[in-house]
1. Over the chain, what relative contact order in percent results from Cα pairs under 8 Å that are six or more residues apart?
2. Name the residues whose placed amide hydrogens come within less than 5 Å of the amide hydrogen of Ser59, ignoring near sequence neighbours (fewer than 5 apart) on the same chain.
3. For n ≥ 4 DSSP H runs only, could you compute -39500 (n - 2.57) per run for the chain, divide by its residues and tell me the 222 nm figure to the nearest 500?
4. Under the classification rounded if a/c is under 1.5, otherwise prolate if a/b is larger than b/c and oblate if not, where does the range 2-67 fall, given a ≥ b ≥ c as square roots of the Cα gyration tensor eigenvalues?
5. Check each of the trypsin sites (Lys or Arg not before Pro) in the chain and keep only those in coil by DSSP with at most 15 other C-beta atoms within 10 angstrom; list them in order.
6. About the Cα centre of the range 7-68, what is the dipole size in debye to 20, counting +1 per Lys and Arg Cβ and -1 per Asp and Glu Cβ, all else neutral?
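Any read-out appearing in this document is the output of simple, stated calculations on the displayed coordinates, not a laboratory observation. It should be emphasised that the depicted structure is a prediction, and the values quoted were computed from it without experimental measurement. All Cβ positions, glycine included, derive from the backbone under ideal geometry; neighbour counts span all protein chains shown.
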Amino acid sequence: MRCVIARFPFELTKAGVLESMKGVKPEPVTGESVIIGRRHYPVKQVGQVITRQDRRDFSAAEVLRAMA
């Protein structure tokens, strides 16, 4: 699925997200979260791993919309 996060286009697939998050330890969840595999990840952590951008460059809402 094609989506835009922080004004940059990304092609996200379920397999691609799973592969990107493989081996990444979840940080403590304090706000919005997503479930990838069987783990709960903070939305901003997932966005940072997927986009390779600083967390300040995008909002949690952008990542949630892309993950939906």
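1. So the answer I get is 31 percent.
2. Sorted by chain and number, the residues that satisfy this are Ala6.
3. -10000 deg cm²/dmol
4. Oblate, because a/c is 1.5 or more while a/b does not exceed b/c.
5. Values: sites: Arg2, Arg7, Lys14, Lys22, Arg38, Arg39, Lys44, Arg52, Arg55, Arg56, Arg65; in loops: Arg7, Lys22, Arg38, Arg52.
In loop regions of the chain (DSSP not H, G, I, E or B), the sparsely surrounded trypsin sites (Lys or Arg not before Pro) are Arg7, Lys22, Arg38, Arg52.
6. Values: 11 positive and 7 negative charges, 29 e Å.
Magnitude of the dipole: close to 140 debye.
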